[in-house]
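The values are calculated or read from the model by the stated rules, or taken from the named source; none is laboratory data. Please read all numbers here as calculations on a predicted model, not as lab measurements. Positions of Cβ are backbone-derived with ideal geometry, glycine not excepted, and every protein chain shown enters the neighbour counts.
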């Protein structure tokens, strides 16, 4: 399976953003970790912590899989890389499963999460980060293979009953303005490197402040943290 998006390398340099969302979810990442749709493997650099025993990178695009090893954190001792989908994991189980900007790329996302349940140990965590608000769906979303964007109602309807909600919140409140501008005025298939740099170095640090002010009640991204019952 070949990934149709071209933004992974561009956003791999969004250091402030990755550090920001990593801080919010890292306390729940522990034990044997599965990262679904790992892409280039960049996220693990920001999410690895002393509570992690192993990291399993699952990526359906073989070309991306071949680049994961050069991007993984130096301190990671136990890891595996699988080119495929969760159907290739039969017999395995994990304490933490991550979907970081992945679920929106899966046509049958509800069925995906239903199948996933059997791979998560009781008490383990499912962590989902997705783009927020369908009214922001743009040419950029289309160009990188998004089927949808999310709000709290949609994500609650997709996560199976076998998981209990721990946290559900938005991040990057000021990023919503940038997304609206792109949808209404720019109509870009992909942002430029300068635009990503401006968002990461200027908008994200300001969003850290406004997110607190508005109690993470809205934002460009939505994060759900769930515990396996």
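On the basis of being surrounded by fewer than 19 Cβ atoms within 10 Å (Cβ to Cβ), outside any strand (DSSP E or B) and at pLDDT 95 or above, does residue 113 make the cut? The answer is no for residue 113. Put simply, of 214, 185 the only residue that is touching a strand residue (DSSP E or B) at 6+ places or on another chain (Cβ under 9 Å) and either within 15 Å of residue 138 (Cβ to Cβ) or at pLDDT 95 or above (or both) is 214. Residues satisfying the criterion are present in segment 135-151 (criterion: in contact with a helix residue (DSSP H, G or I) (Cβ under 6 Å, 6 or more places away or on another chain) and either assigned to a helix (DSSP H, G or I) or closer than 15 Å to residue 97 by Cα (or both)).
Condition check for residue 120 on (1) at pLDDT 95 or above; (2) within 17 Å of the chain's Cα centre (by Cα); (3) within 24 Å of residue 61 (Cα to Cα): one failure, at (2). Scanning segment 122-153 for residues that are within 28 Å of residue 27 (Cα to Cα) and buried (at least 20 other Cβ atoms within 10 Å of the Cβ) yields 124, 125, 126, 127, 128, 129, 130, 131, 132, 149, 150. Right, residue 224: in contact (Cβ under 8 Å) with a residue 12 or more places away in the chain, touching a helix residue (DSSP H, G or I) at 6+ places or on another chain (Cβ under 6 Å), surrounded by 21 or more Cβ atoms within 10 Å (Cβ to Cβ) and not in a helix (DSSP H, G or I) or not? Here the answer is yes, as residue 224 does meet what is asked. Put simply, of 194, 201, 183, 208 the only residue that is surrounded by fewer than 18 Cβ atoms within 10 Å (Cβ to Cβ) and farther than 21 Å from residue 13 by Cβ is 183. Got at least one residue in segment 154-176 being loosely packed, with under 15 Cβ neighbours inside 10 Å, modelled with pLDDT of 95 or more and in a helix (DSSP H, G or I)? Yes, segment 154-176 has at least one match. With the structure loaded, tell me whether residue 201 is farther than 21 Å from residue 29 by Cβ and in a helix (DSSP H, G or I) or whether it fails that test. Yes: the conditions hold for residue 201.
For segment 126-134, the condition holds for at least one residue, the condition being that it is modelled with pLDDT of 95 or more and more than 26 Å from residue 10 (Cβ to Cβ).
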